[in-house]
Every structure is written in structure tokens, then in C-alpha cells.
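Read through the structure below, which is laid out as C-alpha cells, and then see the notes.
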Amino acid sequence: MKLITVHHPHSFNKDEFPPMVLALGYFDGVHKGHQRVIRTAVETAKEQNVHSAVMTFDPHPSVVLGHKHKHISHITPLEDKKDIMRDLGVDYLFVVRFTSEFASLLPQEFVDQYIIDLNVVHVVAGFDYSYGRMGKGTMETLPFHSRERFTFTTIPKLTEEEDKVSSTLVRESLKEGNVARVARLLGRPYSMKGTVIHGDKRGRKIGFPTANIEMAHTYLTPKNGVYAVRMRIHEQWYNGVCNVGFKPTFKNPDEYSLSIEVHLFDFDSSIYGEEVNIEWYKRIRDEQKFSGIEELISQIHKDKDTAVGFFSGI
Ligand SMILES: Cc1cc2nc3c(=O)[nH]c(=O)nc-3n(C[C@H](O)[C@H](O)[C@H](O)COP(=O)(O)O)c2cc1C
Ligand SMILES: Nc1ncnc2c1ncn2[C@@H]1O[C@H](COP(=O)(O)OP(=O)(O)OP(=O)(O)O)[C@@H](O)[C@H]1O
């Protein structure tokens, strides 16, 4: 897959690219709705014997457009998005810098400069895709703006339990800790890359050694609490339990800092500095402040049983 970063105004012209089928969207999460859009682009390109392409933006438009909620954390940070696009068989990934100048392009200017001038012969986007200044361009206006230079496919709404599958719904589900729903929306478990760092070294003493994880990119963290997870180290997956939170049993509110720590089952090696991948499967409970270590230990035993039971059932 070729990665092309584009800064507005660009100076590419048609001859620099082969004919392409282009999927359009921000694609945070590359959820099942996005996958339909991208797979359709890849399949259509194969049928027409041309190349497939995806155009995404960076940073998220909300950062530049001054929305109340700016998305600076991601479901799939750009690095992970690239890997997923590659796995979906995309030939070209265009990452357009979403600047205020780019955002102010008229819909016709966007189509001329970012579709027609890049040698796109067919566009694929979802039913609610919008483009150009104030999002005035829609799938209804695309035939007019296309100047009959390309054709297009509109992907109908994909739903899950009557809700539209969307990046917003994935973000909300992560905020509620509903990682099981997130996995249904993404078509794969939520996953996060990171590095094992040093913690307070208390875990081993209480019989549950934990790997403290520093996230590699700007991931959204699921709601504080305890989860059944899998963690990959050196290509090998292990089951475990993860606590996301402040460890209120041991810390005072003035020293709260968020930690993500994983206790793996059947594992006993030193892994400081290792790069790992965590997959989130099921929320078990809220993080609690226990009145003593013994209570915490007996609760973690129960958490472990819950997670073992969960993994033996799938
Ligand atoms: C499955 C699991 C559940 C946990 N639940 C809580 C909790 O509810 N409250 C809390 O204060 N700490 C909780 N912890 C965090 C422990 O306090 C922490 O693992 C221990 O203090 C070791 O921290 P360290 O690795 O930084 O030394 C949990 C840890 C694990 C692995
Ligand atoms: N559920 C869906 N069904 C069909 N197409 C979708 C669906 N969700 C998104 N798309 C399409 O995928 C492309 C990328 O979507 P985009 O990332 O812009 O928004 P989104 O997933 O709807 O998230 P948000 O919650 O931020 O609006 C767009 O063309 C969009 O119309």
C-alpha cells in the first residue's frame, strides 16, 4: 500500500496516478460500516481492473472546525488505521491534512481538486457522507459536482441493535466500558498497542503481578474498571484481567494518575520494555476503594474466575 500525505493546496495532477476507485471518510475505528465502504471500493477496483484508494483526514475535522468535543484521542490512531487499510487490500492511502484552508474549499472545488485531479474514476461513500465548506456537499449533490467525470456507489446505513454503526457510537460505548458492544461494532475486539513500564512493584507482593502499560498512541481508554483481556507478547496471546484506573485502595486523590495494568494467567517472565497489544473483551466491574489489601486480593481472585469462565466459553 502506498501512503501519500497531502497538504492543501496540492500540486498533483491526473497523470501521476493510475485510475482509482476511492473510498471517502474519516474512518476512525474502521468499524463494520467503514469496512463495507472500503471493501466495496476494493471489490469495485478489482472488477474494473483499476487501483483502490482511501482518502482520510488528519487531524479529525472537529479539531479545526472548533466543535465542542475535539477528537484528539482515537479508536484507531493513524498508525493502526494504516495497518487495517493494508489488510483490507487498499492500494493507495491518501492522508489529507485537515487545515482551515482545506475545510473552506467549496464542494465543487473539493471534487475538482481531490477527486477528479487525482484520477479517480469511481467514488464509494456512505449515505451520510458530506464534503466541502460547512459539509454542504452530500451524496445527493455528488452527481452534479462529478461533471460526469466519475461514477459512484452510495453505501446504505448499517445498523447494530437499531443504532447506526458509527465512530460516535464506538466512542460512547468505550466511555461506558461496553467493550463487548465495541467488538460487535468493529467486527473485532478493541485493541491497543503499548509498552510495558515499571509500576509500584506491589502487584507481586499481593500475588497478582501486573504489567503496567504505557499506550503507544493517542488511544481512547475504556471507562475505569476491571476487564477480561488478551495480551500479545512476541506473537503469543495470553488471557488475563486488566485494571484501568487510579488504584484508590493505595493512592490518595491528590496522587491519582491513570494506570492500565494487566495480570496474565499462566505467565511468569520479566517483560519490561516489551511491546504488547491488548484486546478488550468484557467489562467485569467498577474499580473500588477497598478498606484493606485482603479484600482487594479476594476480589481479584473473583475477577480472575470471571475472566477464566468468560474465555472458556468463547
Ligand atoms: C484484576 C485487577 C483488579 C484490580 N482492582 C482494583 C480495585 O478495584 N481497586 C484498587 O484500588 N486497585 C485495584 N487493582 C490494582 C491493584 O491495586 C494493583 O494491581 C496493585 O496495587 C499493584 O500495582 P503496581 O503494579 O503498580 O505495583 C486491581 C488490579 C487487578 C490486576
Ligand atoms: N453505519 C454506516 N453505514 C454505511 N456507511 C457508513 C456507516 N458509518 C459510516 N459510513 C460511511 O463511512 C465513511 C466514513 O465515515 P466517517 O468516519 O466520516 O463517519 P462515522 O463512522 O459515521 O462516524 P461519526 O460518528 O464521526 O459520524 C463515510 O462515507 C460514511 O458515510
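The values are calculated or read from the model by the stated rules, or taken from the named source; none is laboratory data. Predicted model, so just to flag it, every value in this text is computed and none were measured. Cβ coordinates were reconstructed from backbone atoms using ideal geometry, including for glycine residues, and neighbour counts include every protein chain displayed.
The condition (being closer than 22 Å to Pro9 by Cβ, exposed (fewer than 15 other Cβ atoms within 10 Å of the Cβ) and either in contact (Cβ under 8 Å) with a residue 24 or more places away in the chain or assigned by TED's automatic domain parsing to the domain that holds Trp280 (or both)) is satisfied by just one residue among Arg86, Arg97, Arg133: Arg133. The residues of segment 124-177 that are assigned to a strand (DSSP E or B) and touching a strand residue (DSSP E or B) at 6+ places or on another chain (Cβ under 9 Å), listed by number, are Val124, Ala125, Gly126, Ser130, Tyr131, Gly137, Thr138, Thr151, Phe152, Thr153, Thr154, Ile155. Of all the listed residues (His51, His31), the sole one being near ligand 2 (Cβ under 9 Å from one of its atoms) and farther than 26 Å from Ser100 by Cα is His31. Among the residues of segment 266-314, none is identified as within 12 Å of ligand 1 (Cβ to nearest atom), closer than 17 Å to Pro189 by Cβ and loosely packed, with under 14 Cβ neighbours inside 10 Å. Contact map, segment 211-226: residues that are assigned by TED's automatic domain parsing to the domain that holds Leu296 and within 12 Å of Gly194 (Cβ to Cβ) paired with residues that are of a type outside the set (S, T, N, Q) and surrounded by fewer than 15 Cβ atoms within 10 Å (Cβ to Cβ), Cβ distance under 6 Å, separation 6+ or inter-chain. Pairs shown: Asn212/Ile197; Glu214/Ile197; His217/Glu79. Looking across segment 10-53, the residues that are charged (D, E, K, R) and touching a helix residue (DSSP H, G or I) at 6+ places or on another chain (Cβ under 9 Å) come down to Lys14, Glu16, Asp28, Lys32. Can you find a residue in segment 236-251 that is polar (S, T, N, Q), farther than 24 Å from Gly309 by Cβ, more than 16 Å from ligand 2 (Cβ to nearest atom) and within 29 Å of the chain's Cα centre (by Cα)? No; the residues of segment 236-251 include none that is polar (S, T, N, Q), farther than 24 Å from Gly309 by Cβ, more than 16 Å from ligand 2 (Cβ to nearest atom) and within 29 Å of the chain's Cα centre (by Cα).
Of all the criteria given as (1) surrounded by fewer than 19 Cβ atoms within 10 Å (Cβ to Cβ); (2) without any contact (Cβ under 8 Å) to a residue 60 or more places away in the chain, the one not satisfied by Pro9 is (2). The residues of segment 192-215 that are surrounded by 20 or more Cβ atoms within 10 Å (Cβ to Cβ) and part of a strand (DSSP E or B), listed by number, are Met192, Gly194, Val196, Ala211, Ile213. Residues that are in a strand (DSSP E or B) and of a type outside the set (A, V, I, L, M, F, W, C) were ranked within segment 97-123; the one that is farthest from the chain's Cα centre (by Cα) is His122.
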